[in-house]
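One structure below.
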Amino acid sequence: MTVDEAARVPVVIVGAGPVGVTAALLLARRGVRSVVLERHRDVYPLPRAVAADDEIHRILQAAGVGEEFTAIARPAKGLRLLDARHRVMAEFRRTEHGHHGYPQTSMFDQPELERVLRDALARRPECELRGGVEVTGVGPASTGPVRVTYRDDTGYHELWADAVLGCDGAGSRTREAIGGAWEDLRFEESWKVIDVDTTGAVRCWEGVDQICDPARPATFMRVSENRYRWEFRLGEGQETVRELVAPWLTPSYDGDFEVVRETQYTFRARVADRWRSGRVFLLGDAAHLTPPFIGQGLCSGLRDAYNLTWKLARVLQQGGDERLLDTYEGERRPHARHVVRLAVAMGWAMTGGQDRAAAIRRRALAAACRIPGLTELAGRDLSPPLTAGPLVRRGVRRRLAGTHCPQPWVSVGGRHTRLDEALGDSFAVLTATEPGPSLTALAHSLGVSAVPVADLGDDGTLAAWLRAGRADAVLLRPDRVVMDIVPAGGRDFTSTAAWATLLHTTRSPVPSERTAPKSLLRSTTR
């Protein structure tokens with residue numbers, strides 16, 4: 001076996017799909033080097049994931065590819081439920097300006113996204129992608145360096161990493177290495193997935209259609225200008241592609257019609273029973289599998305990457321306590337499980353079975369959708385708040401804790417930019433009024449400024465958000481989750497001990513340039 005000259009690396013990432021590459025980019029933004037190992041030599045050419053919400057767009061912004069994703073994505077209007085005759089039963093609208101500053105739903109072609117991510121990776125000196133390799137071993141998992149072995153055309157090699165991120169999909173070798181097993185959430189169906197390129201007049205709504213047909217449930221969406229996707233639950237018949245998609249085409253259409261992909265998937269609902277062993281972690285499909293009915297498969301994986309990478313960087317570079325890494329599974333596993341269960345519930349409500357109970361469910365769904373306000377409620381963000389823990393101080397007067405801060409456009413130092421770009425990659429303290437000495441000291445201990453939202457020059461979004469949450473100040477984590485709040489009329493964050501010992505904070509006289517742009521420092525440091 002060959003030991004590479006640079007065999008010791010901070011992080012090894014197994015898998016160069018969107019989750020693995022995004023994790024590498026997020027680590028690179030914090031100065032953490034990584035080696036990404038991938039069995040394919042190039043981007044996998046066939047489309048898989050096709051939808052992302054505005055929270056995911058914000059994560060891609062944090063990874064440095066937000067504008068590039070905007071260029072290849074198409075906003076979608078939302079979701080419609082149709083009956084067997086394609087009559088609309090309910091409509092769940094999504095807006096073009098969501099809480100995170102982007103369209104609430106965007107459609108995209110996964111190979112295009114992967115190319116954007118890999119191009120960004122190639123521009124980062126902190127990242128190295130090794131394609132065409134097979135990982136043969138991971139472990140033993142421990143708090144010390146982790147051994148990763150792989151082989152390529154030249155033979156066997158090994159790396160020693162301070163941490164290993166298993167982004168290697170449903171058949172994850174990394175999950176096997178840490179002894180992880182699946183918790184089955186009791187959903188398994190076989191579906192045919194068809195991707196088509198055509199310039200024909202396809203009958204479509206600029207969103208996703210779910211056909212609630214007891215004989216042939218289906219999903220249909222327009223992905224891009226000429227790309228369409230159909231998904232059909234497999235039945236006893238063996239219809240051709242043209243027969244299956246006939247209801248969406250004019251009967252006489254005989255123009256261009258290229259089947260880009262036709263494949264069969266088994267949709268499953270599963271969550272790994274453990275996501276971490278020592279310094280080995282699971283992300284994405286290695287940790288959870290979800291049916292596609294609410295479009296959250298890839299989204300959940302990118303949330304994993306965002307949640308873990310800032311914590312890992314703090315432990316590796318800034319003296320964070322090892323216990324900080326425990327919060328990754330503690331926060332992400334319940335969240336992912338909730339999203340998977342929501343997808344299962346939607347799946348059973350819309351397509352579950354062909355018996356009498358299924359028909360009753362669909363009639364009940366149609367009736368429920370006529371209740372005033374219900375479709376608006378169901379159309380809100382699908383990502384619930386994080387549960388209480390060391391990094392989320394929930395309580396009666398802390399309704400914002402565990403939720404995400406909105407991201408409006410702001411004007412700082414004469415520059416018009418998105419909020420996250422102004423705040424930088426670290427913690428942030430936002431206040432409704434001028435910060436007092438204690439808030440200023442706390443902010444400086446984290447290496448940032450306490451920023452009055454009135455100084456940010458937004459459209460009033462942040463002030464309204466604080467008022468609605470009855471908060472005079474919020475402490476934002478690097479992933480823009482609210483960690484704690486000062487309730488209206490309060491004086492300070494009442495207890496910092498729970499998280500301060502995890503972060504190993506140290507006082508600094510001024511925020512570092514690494515965590516916030518100079519323009520923000522000039523306008524807010526007092």
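The values are calculated or read from the model by the stated rules, or taken from the named source; none is laboratory data. From a predicted model like this one, the values you see are computed outputs, not experimental measurements. When we count neighbours, we look across all protein chains shown, and the Cβ atoms used for this are built from the backbone with ideal geometry, even at glycine. The area values use the complete protein model at the heavy-atom level, side chains included, leaving out ligands, DNA and RNA. Shrake-Rupley method; radii C 1.70, N 1.55, O 1.52, S 1.80 Å.
Counting just the residues of the range 368-391 that are open to solvent by 70 Å² or more (accessible area, probe 1.4 Å) and not in a loop (DSSP other than H, G, I, E, B), which one comes out modelled with the lowest pLDDT? Result: 377. Evaluating residue 466 against the criteria (1) out of contact with any Leu (no Cβ under 6 Å at 6 or more places or on another chain); (2) not in a helix (DSSP H, G or I) leaves one unmet condition, (2). Residues that are in a strand (DSSP E or B) and touching a Gly at 6+ places or on another chain (Cβ under 6 Å) were ranked within the range 265-317; the one that is surrounded by the most Cβ atoms within 10 Å (Cβ to Cβ) is 282. Set side by side, the residues 253, 328 differ, and just one is surrounded by fewer than 24 Cβ atoms within 10 Å (Cβ to Cβ), in contact with a helix residue (DSSP H, G or I) (Cβ under 6 Å, 6 or more places away or on another chain) and either part of a loop (DSSP other than H, G, I, E, B) or of a type outside the set (Val, Ile, Thr) (or both), which is 328.
Of 151, 175, all but one fail to be farther than 30 Å from residue 241 by Cα, basic (Lys, Arg), modelled with pLDDT of 95 or more and in a strand (DSSP E or B); the exception is 151. The residues of the range 72-123 that are open to solvent by 30 Å² or more (accessible area, probe 1.4 Å), within 30 Å of residue 462 (Cβ to Cβ), of a type outside the set (A, V, I, L, M) and not in a strand (DSSP E or B), listed by number, are 77, 94, 95, 96, 97, 99. The number of residues in the range 479-493 that are out of contact with any strand residue (DSSP E or B) (no Cβ under 7 Å at 6 or more places or on another chain) and surrounded by 18 or more Cβ atoms within 10 Å (Cβ to Cβ) comes to 1. Please indicate, with yes or no, whether at least one residue in the range 392-403 is closer than 30 Å to residue 208 by Cβ, in a loop (DSSP other than H, G, I, E, B) and among the small types (Gly, Ala, Ser). Yes, the range 392-403 has at least one match.
Residue by residue through the range 18-62, note down the ones that are surrounded by fewer than 24 Cβ atoms within 10 Å (Cβ to Cβ), closer than 24 Å to residue 152 by Cα and out of contact with any Lys or Arg (no Cβ under 8 Å at 6 or more places or on another chain). The answer is 33, 39, 40, 41, 42, 44, 45.
Of all the criteria given as (1) open to solvent by 20 Å² or more (accessible area, probe 1.4 Å); (2) within 30 Å of residue 348 (Cα to Cα); (3) in contact (Cβ under 8 Å) with a residue 40 or more places away in the chain; (4) not aromatic (Phe, Trp, Tyr), the one not satisfied by residue 229 is (1).
Does at least one position in the range 213-228 carry a residue that is touching a Phe, Trp or Tyr at 6+ places or on another chain (Cβ under 9 Å) and acidic (Asp, Glu)? No: zero hits. Figure legend. Inter-residue proximity from the range 388-414: first residues free of Cβ contacts under 8 Å to residues at least 12 places away in the same chain, second residues open to solvent by less than 40 Å² (accessible area, probe 1.4 Å), beta-carbon distance below 8 Å, spacing 6+ or different chains. Indicated pairs: 394/401; 394/402; 395/401. Do we have any residue at all in the range 239-252 that's basic (Lys, Arg) and more than 29 Å from residue 72 (Cα to Cα)? Scanning the range 239-252, I find no residue that is basic (Lys, Arg) and more than 29 Å from residue 72 (Cα to Cα), so the answer is no. Residues in the range 408-426 that are farther than 10 Å from residue 456 by Cβ, in contact with a Gly (Cβ under 8 Å, 6 or more places away or on another chain) and in a strand (DSSP E or B): 418 only.
Looking only at residues in the range 214-226 that are of a type in the set (A, V, I, L, M) and over 24 Å from the mean Cα position of the chain (by Cα), the one that is least open to solvent (accessible area, probe 1.4 Å) is 218.
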